[in-house]
Structures are given as C-alpha cells and as structure tokens.
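So the structure is just underneath, and the comments pick up after that.
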Amino acid sequence: AFNGTWKIERSENYDKFMEQMGINMVKRKLAEHDNMKMVIEQTGDKFHIKESSTFRTKDIDFTLGVPFDYSLADGTEVSGTWELEGDVLTGKFTRKDNNKVLNTTRALVGGELVQSYNYDGVDAKRIFKKA
Ligand code: MYR
C-alpha cells in the first residue's frame with residue numbers, strides 16, 4: 001500500500017523540528033523547499049526506497065525489524081529499525097553523535113502518505129501526495 005511515487009505536498013512544524021535537531025537556519029530554509037520525492041517499493045518485509053531532493057538522491061534498502069544505518073541529508077548519522085504496527089510503519093532511530101532517539105512513522109491517511117517525526121520533545125509532519 002506504501003508502493004508508489006510520493007511527492008512532498010506540505011510540512012507541519014518541520015522548521016522547529018530541524019532546529020531541535022541542531023540544523024542551522026540557512027540549511028533549514030533550503031530544507032523547507034527540498035522537493036522531497038520517495039519512490040517506495042515493498043516486497044514482503046523488504047523495502048527499497050529511492051529518495052530524491054534538491055540535496056541528493058539516495059537508495060535505501062531495509063527489512064522490517066532489521067537495524068540499518070542511514071545518514072540524514074545534513075550528514076547526521078543514525079541507526080535504527082522500521083517495524084510494521086498494523087498499517088503504520090514505525091521507525092526508531094538513534095543518532096550516533098549524541099545517542100538521542102528520533103521516532104518516525106509513515107501512514108496512509110486519506111490517500112496521502114503522512115510521515116511524522118519526533119525528536120527531543122518536538123513533533124513534525126511531512127505530507128506526501130501520490131504522483
Ligand atoms: C527511510 O526509510 O527513508 C530511511 C530511514 C529514515 C530514518 C529516519 C529519517 C528521519 C529524517 C529526518 C530528517 C530531518 C532532518 C533534520
């Protein structure tokens with residue numbers, strides 16, 4: 001159900017979230033307009049995601065329940081796991097530089113893909129529409 005090409009439509013509180021992550025203002029301004037696109041291909045419990053934005057293109061492969069490493073667009077390295085809880089993908093990632101946890105979910109809501117983020121008490125959302 002997550003399969004398809006998803007383009008960023010809008011964000012909620014993303015600037016505050018990035019600020020909490022320690023991202024400087026110039027990068028935050030660029031990130032607000034990053035044209036994020038994700039092509040998601042799920043086969044059983046394996047996911048392949050092609051991420052593309054104004055910052056980079058990146059291929060991500062993971063298996064539900066199996067920890068993997070990922071670098072955020074600003075270079076911050078995290079390690080963690082996605083699980084499927086009902087229809088919601090739930091990710092728990094830990095920053096390698098300070099051991100703080102970044103929680104994230106992906107869910108389909110009214111035909112949109114809603115990705116939520118929580119870091120150090122700050123919540124944000126990014127909402128994607130199917131291309
Ligand atoms: C993926 O499934 O796309 C790869 C794993 C995602 C890990 C968590 C992503 C959080 C991204 C937060 C970006 C905020 C920039 C400060």
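Taken together, the values in this text are just the output of simple stated rules run on the coordinates, not laboratory data. Computed from a prediction, not measured in an experiment: that's the story for all the values here. Here Cβ is always computed from backbone atoms with ideal geometry, including for glycine, and neighbour counts include all displayed protein chains.
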At a Förster distance of 30 Å, what's the computed FRET efficiency of residue 12 paired with residue 66, Cβ-Cβ distance as r, to 0.05? 0.50
Based on DSSP H runs of at least 4 residues, each adding -39500 (n - 2.57), what is the mean residue ellipticity at 222 nm of the chain after dividing by all its residues, to the nearest 500 deg cm²/dmol? -3000 deg cm²/dmol
Over the chain, what is the mean sequence separation of C-alpha contacts under 8 Å (at least six apart), divided by residue count, expressed as relative contact order in percent? 25
Treating the beta-carbon of each Lys and Arg as +1 and of each Asp and Glu as -1, no other charges, what is the dipole magnitude of the chain about its Cα centre, to the nearest 20 debye? 360
Please give the direction-averaged projected area of the C-alpha convex hull for region 4-130, in square nanometres with one decimal. 7.2
Once the Cα gyration tensor of region 72-131 is found, what semi-axes does its equivalent ellipsoid get, as square roots of 5 times the eigenvalues, in whole Å, sorted largest first? 22, 13, 10
